[in-house]
Structures are given as C-alpha cells and as structure tokens.
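Q: I'd like to ask some things about the structure below.
The values are calculated or read from the model by the stated rules, or taken from the named source; none is laboratory data. What you see is a predicted model, and the numbers here were worked out from it, not measured in a lab. Because the Cβ atoms are built from the backbone with ideal geometry, glycine has one as well, and the counts that use them run over all protein chains shown.
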C-alpha cells in the first residue's frame, strides 16, 4: 500500500471557525470526549450504521483515543476532536481515513454531539470540513459516507 499522505505533506494541525476548532484527538481528551460520546449514543450509531458506542467505558475510550493518536502520529489516519473555541467542551469528532474503495482516496466521517444537532452545527461542520479537505489535503476523490453517499451505496462500492 502506498502511504496515505505523501511524506512531505504537512498535515494540518487545526481548522478554526468562530463556532468550533478541530485539533488532533489525544488521550488527554478522554473525559470530555467520553461525555460527548455517551450523551450522543443514538446519533453516533447512525454515523457508521452499527452499534458503537453501546457499552463504551471510559477505559475503552482511553484505549480508542490512544489508538487514534498513534495513527495520527504515524500518518495512517487522522482523528480530530471538535472543540468549543475555549476548549470547554468536546463537540464531536472528524475522522479522515484511508479507504480500500476503488476510485476513492479517503473517507471522512464526522459527528456533532446530539445536544447540538438542532442548531444545525453538524451541517456547518460538514461544510467547513469539505472545504478544508478540498483546499488543504492532497486527495483528489474524497467520500463522506452517510453524507455525500448513503451508507448502503458506500458498502456496495467495489474494494481495490
């Protein structure tokens, strides 16, 4: 497999808007991230079409965050926490992942805490992330499963 991003690509550290900031998800976010996830279980289950995060514990969340942090450091995938501008609250996450789908360079997932859905924040996050990925990342073809393509259609795309 070729590297997910070129060796000389400077991975963006942040994306900032007046409403939210994105930065690398780390183990230091475990408590605030856990709160965001467990208060958004029903919504999170719709993002990937599965059961996650049912039964998630703080310890398992710490393990997951450590995994995401390490993958970011070794440039295999990029998990960003979405935080309030003052860092007082984790609002959600953005995941930029490699894919094995034919004709696609990356797959991106995102979610906002359930309590913020009615405000339209997730739509604004999606728009900001699409623009950011298009302008600042080295991908020609990016899929947003569950957004730009339905999860059912995504699963039907042939793998490489």
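Q: Looking only at the stretch 134-151, which residues are within 17 Å of residue 103 (Cα to Cα) and within 14 Å of the chain's Cα centre (by Cα)?
A: Answer for the stretch 134-151, where residues must be within 17 Å of residue 103 (Cα to Cα) and within 14 Å of the chain's Cα centre (by Cα): 142, 143, 144, 145.
Q: Ok, one more. Please go through the stretch 46-59 and pick out each residue that is at pLDDT 95 or above, assigned to a helix (DSSP H, G or I) and within 20 Å of residue 114 (Cβ to Cβ).
A: 58
Q: Among the residues of the stretch 140-150, is any exposed (fewer than 13 other Cβ atoms within 10 Å of the Cβ) and either touching a strand residue (DSSP E or B) at 6+ places or on another chain (Cβ under 6 Å) or part of a helix (DSSP H, G or I) (or both)?
A: Scanning the stretch 140-150, I find no residue that is exposed (fewer than 13 other Cβ atoms within 10 Å of the Cβ) and either touching a strand residue (DSSP E or B) at 6+ places or on another chain (Cβ under 6 Å) or part of a helix (DSSP H, G or I) (or both), so the answer is no.
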